[in-house]
Amino acid sequence: MLDTANPVVTITRAGGIARVTVDNPPVNALSQALRQGLWDAVARLDADPEVSAVVLICAGRTFIAGADVSEFGKPPMAPHLPDLVARIEAAQKPWIAAIHGSALGGGFEVAMGCRFRVAAPEASVGLPEVTLGIVPGAGGTVRLPRLAGVALAVDLVTSGRPMRAAQALAEGLIDAVIPGDLGEGATGFARAALTRPLPAPVSARPVTPPPAGFWEARAAAVAKAAKGATAPGRALACLRRAAEAPFAEAMAFERETFLALRATEEAAALRHVFFAERAAPRPAALRGIEALPLRSAAVIGGGTMGAGIVAALREAGLPVTLVERDAEALARGRANVAAIFAGGVMRGKRTAAQAEALEAGVIGATDYAALADVDLVIEAVFEEIGVKRAVFAALAQACRADALLATNTSYLDPRAIAEGLPNPGRFLGLHFFSPANVMKLLEIVPVPETTEATLATGFALAQRLRKIPVQAGICEGFIGNRILKRYRAAAEDLVRRGVAIAEIDAAMRGYGFAMGPFEAQDLGGLDIAFLQREGARAAGQIVPETLGDILVRAGRKGQKTGGGWYDYAPGDRRARPSAAVTELLAAQVVPGAAMGAEAIAAALVGEMAAEGQAILAEGIARRPEEIDLVEIHGYGFPRWRGGPMFATRVRG
Ligand code: 3HC
Ligand code: NAI
């Protein structure tokens with residue numbers, strides 16, 4: 001028997017077990033229509049004497065992936081999700097959630113309202129609300145400690161991390177993993193469950209209080225990991241209330257927290273980033289354009305960037321040929337790659353056997369003949385136009401005429417690198433960020449000749465590498481490094497106006513960056529940017545003297561020389577304000593009015609956004625949210641601030 005009264009919820013019945021199927025593409029988000037459909041389904045099935053249990057299952061790629069984030073700006077509409085979860089939990093027939101894909105946020109809350117949860121082996125469950133600047137709003141923080149214990153609930157809710165089915169089963173979040181046909185398996189599970197006494201609904205289960213000192217210790221850890229974001233701490237407060245107060249009181253506290261956070265700037269910023277990230281891989285201009293197949297890749301140069309790019313390509317499953325200048329440089333390059341894989345083993349990211357397999361997929365070469373059949377080559381040699389041109393001339397000879405050729409240049413003009421290349425339509429810039437196997441950003445820089453298919457392949461590669469692609473036009477530094485230059489110059493201007501270097505760094509840390517602009521330069525080295533400025537000066541450009549130039553000329557290149565903007569004791573990375581720097585810069589500093597941390601951060605973020613505006617006006621970036629993605633994924637801009645354009649309200 002089929003019931004199609006609701007457009008997104010369908011009920012079928014067979015042999016005493018009803019099946020409620022949700023079909024609300026793309027991700028079965030809990031729209032008002034879906035909530036209403038489930039609400040009505042409970043009543044209908046409770047009233048049906050032939051039904052003894054209900055399987056809740058979803059069509060499409062996933063179980064219910066959560067509340068509809070696009071509804072968050074609007075007033076909540078009945079039936080409200082906490083009421084729906086309570087209604088499912090109180091149904092006279094037991095409901096069994098049959099999970100495939102992801103049961104996230106409100107989706108997992110609905111599943112926790114069910115008497116049982118079963119899942120396909122590849123499924124995952126979780127409460128990612130803090131990543132959207134909110135806390136679970138339909139009992140997640142109150143039911144999860146009852147289902148899986150306080151410690152695990154704290155881990156999952158304050159991090160937002162999902163958990164795969166096998167582990168979720170081991171931890172008691174689900175009751176069975178079902179290989180094969182999920183609907184059939186869940187129905188079989190339901191029949192078997194009906195032969196035994198039912199477990200208590202989750203809300204009726206007790207919470208075991210954690211040991212003394214637990215909350216204080218977790219509060220400190222959560223605050224540290226949150227880097228200034230407020231939602232994780234508020235989620236912890238909800239979990240504590242769930243462990244210490246009666247169910248109804250904890251539910252009310254959670255809902256109040258959820259509604260308050262939903263209206264915050266932080267939540268708006270995180271929603272902005274959520275939608276920007278999802279839009280980034282699919283630019284409208286490339287709709288319908290097929291990417292070329294990528295079965296193999298090569299990287300030229302196995303230094304800092306080349307090795308990281310090799311690692312990223314290998315982790316994405318591509319065989320990689322690494323080309324270096326000579327046998328000795330190749331051995332160094334291979335060692336750089338091996339060190340990255342070994343680091344992953346040390347951090348528990350992979351097993352030694354997996355690292356070995358990754359390494360075995362790297363073919364070393366010093367002869368371009370090895371590249372006769374690769375689909376994609378990424379060049380990461382020295383930042384010198386002559387060296388790069390020679391590399392591309394050799395590639396033009398050695399590679400297939402349709403092989404994609406990319407440069408990882410930071411500052412050179414890709415048009416100059418591609419000059420003289422036969423088939424320049426297959427050329428583009430792919431600008432990775434260091435460390436290339438970690439950083440999520442990939443700037444994609446077409447030259448005028450780059451074909452749409454080449455560009456689409458760049459975007460497809462980004463997706464395969466799990467990176468966030470942002471298309472950039474050609475200018476010095478593209479999007480990210482151009483904004484970085486302005487940011488650093490603005491920070492130096494503050495120093496010239498008498499603001500202490502350490503105060504500027506502290507202000508930016510306070511804003512949410514892991515490091516301030518001067519500490520970051522000390523870590524990376526001041527000499528790279530210095531050499532670039534010197535190069536420009538040698539080429540006849542007028543590049544005003546920076547404070548950084550004064551330091552480098554005095555031998556202060558950063559941590560590696562024992563001092564840069566700060567002093568460092570040997571073997572100690574702690575920055576100490578430097579009397580020597582004060583003296584070196586004294587002639588440049590004209591003390592002005594004191595500036596508080598907030599004013600410093602506002603000034604510097606304002607400068608970033610102003611450069612972003614110029615970049616938009618010149619067509620170097622297409623949309624302000626893409627500039628935000630560049631800053632967040634390439635430069636450590638705090639995600640929960642939404643990026644410089646969002647934070648300063650420069651919107652498209
Ligand atoms: N609300 C609205 N739209 C959503 C959405 C949501 N919760 N989740 C995904 N979408 C949209 C995306 O914007 C995208 O739209 P587009 O095609 O127009 O660009 C489309 O669905 C597909 O999304 P993805 O590209 O991300 O699809 P994937 O298959 O790669 O991933 C997913 C699927 C794992 C479910 C992923 O989309 C995801 O993680 N979604 C977010 C889940 C989430 O955060 N849920 C919690 C919401 S808050 C909540 O539930 C509060 C509650 O406690 C009250
Ligand atoms: P690096 O100096 O660490 O590595 C360059 C490597 O290229 C060396 O191993 C060298 O032996 C090799 N090489 C030089 N000439 C070669 C040739 N003709 N054939 C084969 N190999 C050759 O430099 P790094 O930092 O890896 O930079 C490489 C490129 O990446 C540059 O264009 C740089 O601007 C760019 N880049 C650098 C970033 C960084 O943070 N270091 C970030 C993003 C881009």
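The simple spin-label model puts a point 7 Å past each Cα toward its Cβ; for A372 and E249 those points are separated by 7.8 nm. At full extension, R278 and D493 could sit 73.7 nm farther apart than now, given 0.36 nm per residue minus the alpha carbon distance. Taken one residue at a time, the phi angles of the stretch 512-523 give Karplus couplings (6.51, -1.76, 1.60, θ = phi - 60°) of x, 6, 5, 9, x, x, 7, 4, 5, 5, 4, 5 Hz. Gly and Pro are set to x.
Per-residue packing, averaged as other Cβ atoms within 10 Å, sorts the ranges 446-457, 412-423 into the order 446-457, 412-423, beginning with the highest. Only protein heavy atoms count here; under a 1.4 Å probe, E476 has an accessible surface of about 80 Å².
For the stretch 39-95, the Kirkwood estimate of hydrodynamic radius, built from reciprocal distances between every pair of different alpha carbons, is 13.2 Å.
Computed over protein heavy atoms with a 1.4 Å probe, the carbon and sulfur contribution to the accessible area of the chain reaches 57%. Once the mean of 1/r is taken over each pair of separate Cα atoms and inverted, the stretch 228-382 shows a Kirkwood hydrodynamic radius of 19.7 Å. The Cα atoms of the stretch 244-306 give a gyration tensor whose axes a ≥ b ≥ c have a/c of 1.5 or more with a/b greater than b/c, which makes the shape prolate.
Average accessible surface for the stretch 75-157: 22 Å² per residue, computed with a 1.4 Å probe over protein heavy atoms with every protein chain in place. Which of the three applies to the stretch 156-294, rounded, prolate or oblate, going by the alpha-carbon gyration tensor with a ≥ b ≥ c and a/c under 1.5 meaning rounded? It is oblate, given that a/c is not under 1.5 and a/b is not larger than b/c.
Computed from Cα positions, the angle between helix 597-617 and the longest principal axis of the chain comes to roughly 80 degrees.
Rg/Rh, computed from the Cα trace of the stretch 600-648 with Rh as the Kirkwood radius, has the value 0.94. Remark: the stretch 394-518 carries 35 Å² of accessible area per residue (probe radius 1.4 Å; ligands, DNA and RNA excluded). Under 5 Å from the amide H of L56 lie the amide H atoms of V20, I96, A97, A98, each residue being 5 or more positions distant or on a separate chain, with H modelled from the backbone and absent for Pro and chain starts. Against the main long axis of the alpha-carbon atoms of the chain, helix 304-315 sits at an angle near 30°. What the Cα atoms of the stretch 286-335 give is an Rg and a Dmax of 13.3, 46 Å. All distinct Cα pairs of the stretch 410-493 go into the 1/r average, and the inverse of that average, the Kirkwood radius, is 13.7 Å. In vacuo Debye scattering of the stretch 1-54, one point per C-alpha: log10 I(q)/I(0) at q = 0.12 Å⁻¹? The computed values of log10 I(q)/I(0) come out as -0.25. Mean sequence separation of contacting Cα pairs (under 8 Å, at least six apart), scaled by the length of the stretch 373-528, corresponds to a relative contact order of 15 percent. For the stretch 416-564, the spread of Cα positions along the three principal axes, ordered from largest to smallest, is 52, 38, 26 Å. Pairs spanning more than 27 Å between alpha-carbon atoms, out of K349/K388; K485/K557; K440/K485; K349/K560: K349/K388; K349/K560.
When only Cα pairs below 8 angstrom with a gap of at least 6 residues are kept, the stretch 64-222 shows a relative contact order of 23 percent. For T648, the solvent-accessible surface with a 1.4 Å probe is about 50 Å², rounded to the nearest 10. Rg then Dmax, both in Å and based on the Cα atoms of the stretch 38-134: 13.8, 44. Near G149, no amide H atom lies under 5 Å from its own; only residues 5 or more places off or on other chains count, and H is placed 1.01 Å from N. To the nearest µm²/s, what D does Stokes-Einstein give for the stretch 287-368 at 37 °C and 0.692 mPa s, using the Kirkwood radius over alpha carbon pairs as Rh? My calculation gives 250 µm²/s for D. Let me have the relative contact order for the stretch 453-556, percent, based on Cα pairs under 8 Å that are six or more residues apart. So the answer I get is 15 percent. Largest first, the residues D40, D527 sort by 1.4 Å accessible area into D40, D527. Under the simplified labelling scheme, the E50-D181 pair shows an inter-label distance of 2.0 nm, with each label point 7 Å from Cα along Cα→Cβ. Each eigenvalue of the Cα gyration tensor of the chain, multiplied by 5 and square-rooted, gives one semi-axis; in descending order these are 49, 31, 23 Å. For K227, the aspartates and glutamates whose Cα comes closer than 19 Å to its Cα, not counting residues fewer than 8 places off in the same chain, are E129, D155, E216, E265, E266, E503, D505, E519, E598, D628, E631.
Distance distribution note for the stretch 372-457: the fraction of Cα pairs above 19 angstrom is 33%.
When a/c is below 1.5 the answer is rounded, else prolate if a/b is larger than b/c, else oblate, so apply that to the stretch 462-543 with a ≥ b ≥ c taken from the square roots of the Cα gyration tensor eigenvalues.
oblate
Annotation: amide H of G558 within the under-5 Å range of L526, G563, G564, sequence separation 5 or more or interchain, hydrogens built in the peptide plane.
Which order do peptides 425-435, 77-87, 51-61, 122-132 fall in by mean Cβ count within 10 Å, highest first? Could the numbers behind the result be given before it?
Values: 425-435: 22.5, 77-87: 17.6, 51-61: 20.2, 122-132: 24.0.
Output ranking for 425-435, 77-87, 51-61, 122-132: 122-132, 425-435, 51-61, 77-87.
The sum of -39500 (n - 2.57) across all DSSP H runs of n ≥ 4, divided by the residue count of the chain, sets its helix-only mean residue ellipticity at 222 nm to -14000 deg cm²/dmol.
The values are calculated or read from the model by the stated rules, or taken from the named source; none is laboratory data. Please read all numbers here as calculations on a predicted model, not as lab measurements. A quick note on method: Cβ atoms are made from the backbone with ideal geometry, for glycine too, and the neighbour counts reach across all protein chains shown. Note: areas computed on protein heavy atoms with side chains; ligands, DNA, RNA excluded. Shrake-Rupley method; radii C 1.70, N 1.55, O 1.52, S 1.80 Å.
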